[in-house]
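Here's the structure we're looking at; comments come further down.
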Amino acid sequence: MHYRDAATDDKRQAKMRTLARDVLGGKLLLGNFLPEQLEALLEQWGQPRYRAQQLLQGYLAERRFDLRTITTLPGALRQRCAEAFIALPLELSSMKHATDGTVKMLVRLLDGAQVEMVRIPREMQSGRSRRTLCISTQAGCPLGCVFCATATLKLQRNLETAEIVGQFLLAEQVLGERITNVVFMGMGEPLLNYEAVTAAIRLMTWGTQPLVTPRHITLSTAGIVPAIARLAEEPISVKLAISLHATTDELRRRLMPIARRWSIAELLDAAEYYYRVTKRDITYEYILFDRLNDSEADARRLVRIARRVPSKVNVIPFHPIDFTHPSGLAAELRPASGERLKAFVEMLRRAGIPTMVRSSSGIDIAAACGQLALAELKTSR
């Protein structure tokens, strides 16, 4: 199975050669430049190409957002970079702390658009602390999944590469700690902003001191089938999580309009291709709804899906989104009872499927899975 064609490749390569667009007063977003693009720009400035590596080292590895402080660069070049580039194109609007240590941050972009990101703490068995950042890739989302609060915002726009990487850099700055893991599970569908997201991953994993290693990055998708297979062929290899949430096409179409475009069979073909190319296990995310997708028959079908290639299942409690005033099926959704959740998980585990129950981190500040929708803005208006 081969999803890419020459036209797709030509379009992608043309975009990769395009320098970042002007955004404010003629300035450029530094985080929009991949290493080869930055080398080309500095060469136009009459600088040796290695200066791009020094600039990126200062910006990413050393977190120097005042480019005048990158002392490996000559003074005149430092000044020119400071005048030409915006290093951090976003700012913190507000921050909320949950009782479990989760932190939700509302971020304002240069054009006034806003997104949310979430820091999720977790203690590992080794006793070390894993600090995960849940990053957004779009302002709003166009997919319309009935269980997700972000869907109520609709799509405002895709985020720039610099705005995606910038969330990581800003989070570390305001939290005063190093982030160890990244999950692309915030606002938006990552694979509908494919170029910016893959470029952001390249920058995050660049160099000898990367922001984060590929094995600590998870990308979650609702199921953009051609993009999943295309991602398999990228020179990056991240963990792939697929938002499944149903084991029949009929129910999945009711929950997730994207399922009207690609069936479960097509989605599983793409997932298998991703595994065959990357040798990375697939994660299936499954929100459990009361009397809707939590039956024994659902569990048996999910077992068959997860056995197709090495996979694990994350069972996720449904988090109510009443603050969005849902209607239709969205208003009828209820979390499965604790008893039914336990029974469902046990059926999967008895069948040999590695199964985790996702914790409801940050639920008291509307920061849990499916709840990102600028809730404080909604309630303050």
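Taking (1) out of contact with any Lys or Arg (no Cβ under 8 Å at 6 or more places or on another chain); (2) surrounded by fewer than 19 Cβ atoms within 10 Å (Cβ to Cβ) in turn, residue 260 satisfies each apart from (1). Count of segment 41-50 residues, restricted to those that are of a type outside the set (S, T, N, Q) and more than 19 Å from residue 86 (Cβ to Cβ), is 5. Just one of (1) surrounded by 14 or more Cβ atoms within 10 Å (Cβ to Cβ); (2) over 21 Å from residue 167 (Cβ atoms); (3) without any contact (Cβ under 8 Å) to a residue 24 or more places away in the chain fails for residue 81. It is (3). For segment 216-232, indicate whether the set of residues that are out of contact with any strand residue (DSSP E or B) (no Cβ under 7 Å at 6 or more places or on another chain), surrounded by fewer than 19 Cβ atoms within 10 Å (Cβ to Cβ) and among the charged types (D, E, K, R) is non-empty. No, that holds for no residue. Once segment 279-302 is narrowed to residues that are polar (S, T, N, Q) and farther than 14 Å from residue 355 by Cβ, the residue that is farthest from the chain's Cα centre (by Cα) is 295.
Report, by residue number, each residue of segment 235-254 that is in a strand (DSSP E or B) and surrounded by fewer than 21 Cβ atoms within 10 Å (Cβ to Cβ). Listed by number, the residues that qualify are 239, 241. Residue check: residue 329 meets all listed conditions (1) within 21 Å of residue 232 (Cα to Cα); (2) in contact (Cβ under 8 Å) with a residue 60 or more places away in the chain but one, namely (1). Looking only at residues of segment 84-98 that are at pLDDT 95 or above and not in a strand (DSSP E or B), we find that the one that is surrounded by the most Cβ atoms within 10 Å (Cβ to Cβ) is 89.
Counting only helices (runs of 4 or more DSSP H) that fall entirely inside segment 1-82 and contain at least 2 residues that are modelled with pLDDT of 95 or more, the qualifying elements are 35-44, 50-56.
If you go through segment 214-237 and pick out every residue that is at pLDDT below 95 and touching a Pro at 6+ places or on another chain (Cβ under 9 Å), you end up with 2. Scanning segment 167-200 for residues that are assigned to a loop (DSSP other than H, G, I, E, B) and of a type in the set (A, V, I, L, M, F, W, C), we see that the one that is surrounded by the most Cβ atoms within 10 Å (Cβ to Cβ) is 187.
Scanning segment 168-199 for residues that are touching a residue at least 60 places away in the same chain (Cβ under 8 Å), of a type in the set (A, V, I, L, M, F, W, C) and touching a helix residue (DSSP H, G or I) at 6+ places or on another chain (Cβ under 7 Å) returns 179, 187, 197, 199. Scanning segment 335-346 for residues that are of a type outside the set (D, E, K, R) and either surrounded by fewer than 18 Cβ atoms within 10 Å (Cβ to Cβ) or touching a Pro at 6+ places or on another chain (Cβ under 8 Å) (or both) returns 335, 336, 337, 338, 341, 343.
Return a yes/no flag: does segment 239-251 have any residue that is hydrophobic (A, V, I, L, M, F, W, C), more than 24 Å from residue 358 (Cβ to Cβ) and outside the structural domain of residue 61 (by TED's automatic domain parsing).
no
The values are calculated or read from the model by the stated rules, or taken from the named source; none is laboratory data. Not measured: the values here are computed from a predicted model. Positions of Cβ are generated from backbone atoms using ideal geometry, with glycine treated the same way; all protein chains shown enter the neighbour counts.
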